[in-house]
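J.: Supplied in structure tokens, the structure appears directly below.
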Amino acid sequence: DHRPEETKRRRKLPSVIILTKMSFPGMAVQRTWHLIDASSQTVGRLATVVAPILRGKHKPTFRPNGDCGDHVVIINADKVHLSGNKWKDKMYRWHTGYPGGLKERPARDMLERKPTEILKKAILGMLNRNNLRTSYMEPRLHIFAGPKHHHEAQLPKGTEPLPVHPRQRRGTFHYGMGPQYKYSNTTFQQGGKPVPSQSLNNDLN
């Protein structure tokens with residue numbers, strides 16, 4: 001090797017930098033269990049809160065190429081809220097794989113048949129489609145239609161759920177005008193029975 005000694009030193013510098021990089025493999029990654037009550041929370045805004053927790057962006061040890069997220073348990077998924085006429089207009093589509101096998105289902109029918117799929121599709125749709133999502137983040141998302149869940153060992157009774165999204169435009173928020181003046185006419189599930197809520201225009205008439 002006839003290169004000068006100074007050039008040889010420069011080629012060794014990158015190896016020193018790589019060795020000084022921080023990594024948190026194995027047991028060094030601490031995973032926390034979070035409880036979220038989805039009652040009267042808008043689907044999209046709730047998904048923006050859950051997706052970063054599954055990725056671990058709230059941690060100082062976050063790496064975009066690493067699995068460093070937490071577990072999220074969501075209860076009362078059958079009481080979520082959609083603004084406007086999305087219960088009737090929003091469609092969920094999929095294909096069976098056979099010719100002419102395009103299927104679609106409105107959001108209100110999806111809530112009756114598979115109430116947990118609405119939140120699941122909204123949350124996973126905010127994550128990149130890669131191996132981290134399918135193999136690690138998706139199994140840590142636990143959604144239940146009712147107020148009970150199967151993770152009492154990690155979240156015992158009395159555990160307080162995370163605070164709701166800071167924006168106050170939720171289905172049960174009436175802007176101080178009384179509970180009969182809700183900003184949307186979405187039907188909420190209370191105690192297992194559908195309770196229709198009248199819109200502001202109908203109440204004024």
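All of the numbers you see were taken from the coordinates with simple rules; none came from a lab. Predicted model only: the values in this text are computed from it and were never measured. Positions of Cβ are generated from backbone atoms using ideal geometry, with glycine treated the same way; all protein chains shown enter the neighbour counts.
J.: Which entries in Lys57/Lys120; Lys79/Lys157; Lys57/Lys88; Lys57/Lys148 show an alpha-carbon gap greater than 30 Å? Display every interim value, and only then the final one.
T.: Working: Lys57/Lys120 19 Å; Lys79/Lys157 21 Å; Lys57/Lys88 34 Å; Lys57/Lys148 28 Å.
In this structure, Lys57/Lys88 exceed 30 Å between Cα atoms.
J.: Sum up the charges of everything whose Cβ sits under 11 Å from the Cβ of Val50, counting Lys and Arg as +1 and Asp and Glu as -1, but leave Val50 out.
T.: Working: positive: Arg45, Arg55, Lys120, Arg140; negative: Asp70.
So the environment of Val50 carries a net charge of +3.
J.: In debye, nearest 20, what is the charge dipole magnitude of region 33-170 about its Cα centre with +1 on Lys and Arg Cβ and -1 on Asp and Glu Cβ, if you could check?
T.: Working: 25 positive and 12 negative charges, 93 e Å.
So the magnitude is around 440 debye.
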